[in-house]
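Here's the structure, in structure tokens; my notes come after.
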Amino acid sequence: MEVLSLKLFDLDGTLIDSNGIWIQVDLQFLASRGLSPTRDYTEFVSHSIFPVASEFTRTYYHLSETVEEIMASWMALAEDAYALHVPMKPGVAEYLAQCAAQGTSMAIVTACVPELCQLVLKRHGIDHYFSEVIFAQELGMEKRDPETFRTAARMLGVLPQDCTLFEDSPEGCRSAKEAGMTVIGVHDSYYADYETQKRQICDGYLISFTELLE
């Protein structure tokens, strides 16, 4: 499994075990309004940045709330989990320390809300490992778009071909490959049904970061 000099990491479902939190957020948010998620709804919002997901939710369920009010409701439901409960995935802390000891440059490219990302990185004491945290939300782009990864590479002063991305989302894996990056798929139970697809797309596949420890 080839890993190039600049390592990029997704956050949710890759470094931290947080995808289940968003399932619960969706269920609680919709249930409080007498609604339930559909397959189409879940498929769209799971690959979207917050503002796009909020607008989609508002339109899809014909809600009277504004985009900002929907995002605020989601934040209220998720904030405690990120600040107090969401765990790192096995082997992540050790692998990041190993990379740092080897002098490897590392950055994050994430669709996570900036405030939640910063909360969880600081809580786990791993924020110092990353030279940059690039937020798709701040770019106004989605990770299903290959241009997001091309833009991230430009911001980091490298070519996409010089990057290895660790990513759990099948859409993120596909678009990063299209952008020209080496992609290592990371197992997450949320995307368990996509494992075969991810193995076909990616240059390598991890069940756990413990596989990379020396």
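The table that follows gives values for the structure above.
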item	result
Residues located in segment 36-56, provided they are in contact with a helix residue (DSSP H, G or I) (Cβ under 7 Å, 6 or more places away or on another chain) and closer than 18 Å to Gly140 by Cβ	Phe44, Val45, His47, Ser48, Ile49, Phe50, Pro51, Ala53, Ser54, Glu55, Phe56
Total residues in segment 155-214, condition part of a loop (DSSP other than H, G, I, E, B) and touching a strand residue (DSSP E or B) at 6+ places or on another chain (Cβ under 8 Å)	7
Test for Ser5: is it more than 20 Å from the chain's Cα centre (by Cα) and within 23 Å of Thr182 (Cα to Cα)	yes
Residues that are closer than 21 Å to Ile16 by Cα and in contact with a Phe, Trp or Tyr (Cβ under 9 Å, 6 or more places away or on another chain), drawn from segment 177-210	Val183, Ile184, Gly185, Val186, His187, Tyr190, Glu195, Lys198, Arg199, Leu206, Phe209, Thr210
Subset tally (residues that are surrounded by 21 or more Cβ atoms within 10 Å (Cβ to Cβ) and more than 19 Å from Glu178 (Cβ to Cβ)) for segment 138-161	0
Residue that is without any contact (Cβ under 8 Å) to a residue 40 or more places away in the chain and more than 16 Å from the chain's Cα centre (by Cα), where the choices are Thr104, Thr196, Thr148	Thr196
Yes/no for Val186 being crowded, with 21+ Cβ neighbours inside 10 Å, under 19 Å from Val86 (Cβ atoms) and not assigned by TED's automatic domain parsing to the domain that holds Ser54	yes
Lone qualifier among Ala97, Ala76 - being surrounded by fewer than 17 Cβ atoms within 10 Å (Cβ to Cβ), out of contact with any strand residue (DSSP E or B) (no Cβ under 6 Å at 6 or more places or on another chain), under 27 Å from Ala176 (Cβ atoms) and of a type outside the set (Val, Ile, Thr)	Ala97
Residues satisfying the stated conditions in segment 61-75, i.e. in a helix (DSSP H, G or I), farther than 16 Å from Ser32 by Cβ and not aliphatic (A, V, I, L, M)	Glu68
Test: residue in segment 26-35 that is touching a helix residue (DSSP H, G or I) at 6+ places or on another chain (Cβ under 9 Å), touching a residue at least 24 places away in the same chain (Cβ under 8 Å), surrounded by 17 or more Cβ atoms within 10 Å (Cβ to Cβ) and within 19 Å of Ser169 (Cβ to Cβ)	no
Matching option when the condition is surrounded by fewer than 21 Cβ atoms within 10 Å (Cβ to Cβ), within 19 Å of Gly91 (Cα to Cα) and not aromatic (Phe, Trp, Tyr), among Thr164, Thr210, Thr196	Thr210
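The values are calculated or read from the model by the stated rules, or taken from the named source; none is laboratory data. The structure displayed is predicted, hence computed values, not measured ones. Backbone-built Cβ (ideal geometry, glycine too); neighbour counts: all protein chains shown.
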